[in-house]
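A short write-up of the structure that comes next.
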Amino acid sequence: MKSLANFFLKEVKGRYINPIKYSHLKIEIDCKSRWYGNQYGGFYLNPSLINDNSVVYSFGIGEDISFDKEIIDTHKCDVYGFDPTPKSINWCKKQYLPEFFHFHDFGISQQTGKAHFHLPNNKKHVSGSIIHHNNVSEENFVEVEMKSFKDILKMYNHDQIDVLKMDIEGFEYDVIEDVLKSGILIHQMAIEFHERFFKNGKDKSIQLVDLMKRHGFVIFAISKSFEEISFVRVDTFKLITA
């Protein structure tokens, strides 16, 4: 007989997920949503907040631009992609990238400069991380270029961002406060939570959600894996529903 815990297990992305463990992640507002991208690299967004003049920042590309491509195909807007991962850079160089996709071979951090980038333990995998966690090597790293969020904004003189997507392998917990403190208007964010990488991952996620709330963002969509979490700015939501 299955235990009560195993009874709720669901297979998502090749892993078994127990929804009970993610009860701290809850949808807080009834908001229109649509899935962009494939099952592996996609996120929920509110399509009502995206048009052909929108600016999309996509942090963490890997070898999958299905999310970015679907936004471009649907809304004909500019998507700015960022990833310092060596495999990702090489992959992008070999692709025929969409006209409105602008790739940059550096990552986001709290400050601009060089940083050690830990490579994955499994050499078949793509994604590394600035921070050391259980999926990357402590000894095997490369030096990469990182930029602060404010310095990235200065490159394009952007005064608002319609969508900010972040899939940066556990570093989201460190860098999100710098993004929120920048003062720039961001309408919605889609963040992949990597709490499974850390022993205190649940606490990290709770703190991140609380921080988002203090800056006016609430959860409007959660993926089946409980990793892709989508936030909307409450002030923005009120404008489109008024």
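The values are calculated or read from the model by the stated rules, or taken from the named source; none is laboratory data. Since this is a predicted model, take the numbers as computed values, not measurements. Ideal geometry is used to build each Cβ from the backbone, glycine not excepted, and the neighbour counts take in all protein chains shown.
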(message) For the structure I just gave you, tell me whether ILE240 is β-branched (Val, Ile, Thr) and surrounded by fewer than 17 Cβ atoms within 10 Å (Cβ to Cβ).
(response) yes
(request) Assess whether GLU139 counts as being acidic (Asp, Glu), part of a strand (DSSP E or B) and either free of Cβ contacts under 8 Å to residues at least 12 places away in the same chain or at negative phi (or both). (result) yes
(request) Kindly list the number of the only condition in (1) of a type outside the set (Asp, Glu); (2) surrounded by 20 or more Cβ atoms within 10 Å (Cβ to Cβ); (3) under 20 Å from ASP64 (Cα atoms) that fails for LYS124. (result) (2)
(request) List the number of the failed condition for VAL142; all other conditions in (1) β-branched (Val, Ile, Thr); (2) surrounded by fewer than 14 Cβ atoms within 10 Å (Cβ to Cβ); (3) closer than 27 Å to ILE222 by Cβ hold. (result) (3)
(request) Provide a single number: the residues in the stretch 52-108 that are part of a strand (DSSP E or B) and out of contact with any Lys or Arg (no Cβ under 6 Å at 6 or more places or on another chain). (result) 15
(message) Cβ-Cβ under 8 Å, sequence separation 6+ or interchain: first residue in the stretch 39-63 and free of Cβ contacts under 8 Å to residues at least 40 places away in the same chain, partner of a type in the set (Lys, Arg) and surrounded by fewer than 19 Cβ atoms within 10 Å (Cβ to Cβ). Which pairs?
(response) GLN39/LYS13; TYR40/LYS13; PRO47/LYS32; PRO47/ARG34; ASP52/LYS76
(request) For the stretch 4-19, state whether one or more residues are at pLDDT 95 or above and of a type in the set (Asp, Glu). (result) no
(message) Looking at (1) at positive phi; (2) surrounded by 15 or more Cβ atoms within 10 Å (Cβ to Cβ); (3) without any contact (Cβ under 8 Å) to a residue 60 or more places away in the chain, which one does GLY113 not meet, given that it meets all the others?
(response) (2)
(message) Of all residues being at pLDDT below 95 and small (Gly, Ala, Ser) in the stretch 163-197, which is nearest to the chain's Cα centre (by Cα)? Just the residue, please.
(response) GLY170
